[in-house]
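Scroll down for the structure; my scribbles are underneath it.
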Amino acid sequence: MRKYLVVYEKTKTGYSAYVPDLAGVIATGKTRSIVEKNIFDAIQFHLEGLKEEKIKIPKANAESEVFVFGL
């Protein structure tokens, strides 16, 4: 089992998401729930492709932290 960080961003037209540890794995969607499904599917598709091509699956290295500022 592997865990990958997914970054979600609000856009003018909906949401986008990407996985820093999996180059090229991105998704978009009109709502957050749609982009969550789309990025999950994109990750799964990417990992299955790597496995099929016998390419080493990258380890998760990305980390995140949230800072809160009282401005």
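All of the numbers you see were taken from the coordinates with simple rules; none came from a lab. The structure displayed is predicted, hence computed values, not measured ones. Backbone-built Cβ (ideal geometry, glycine too); neighbour counts: all protein chains shown.
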In this structure, the FRET efficiency calculated for Ile34 and Ile55 from their beta-carbon separation, with R0 = 30 Å, to the nearest 0.05, is 0.55
Among [x] 17.1; [y] 13.3; [z] 11.9, the entry matching Kirkwood radius over Cα pairs in Å as calculated here is [y]
In the chain, the GluC sites (Glu not before Pro) that sit in a DSSP loop and have at most 13 other Cβ atoms within 10 Å of their own Cβ are Glu53, Glu63, Glu65
Correct response: the longest run of the chain lacking exposed trypsin sites (Lys or Arg not before Pro), defined by DSSP loop and at most 15 other Cβ within 10 Å, is 31-53
Charge tally for neighbours of Arg32 with beta carbon under 11 Å away, counting Lys, Arg as +1 and Asp, Glu as -1, is +1
Relative to the chain, whose Cα atoms define the longest principal axis, helix 32-52 and its Cα axis are tilted in degrees, nearest 10, by 20
Computed, not fitted: 222 nm per-residue ellipticity of the chain from DSSP H runs ≥ 4 (each -39500 (n - 2.57)), nearest 500, equal to -10500 deg cm²/dmol
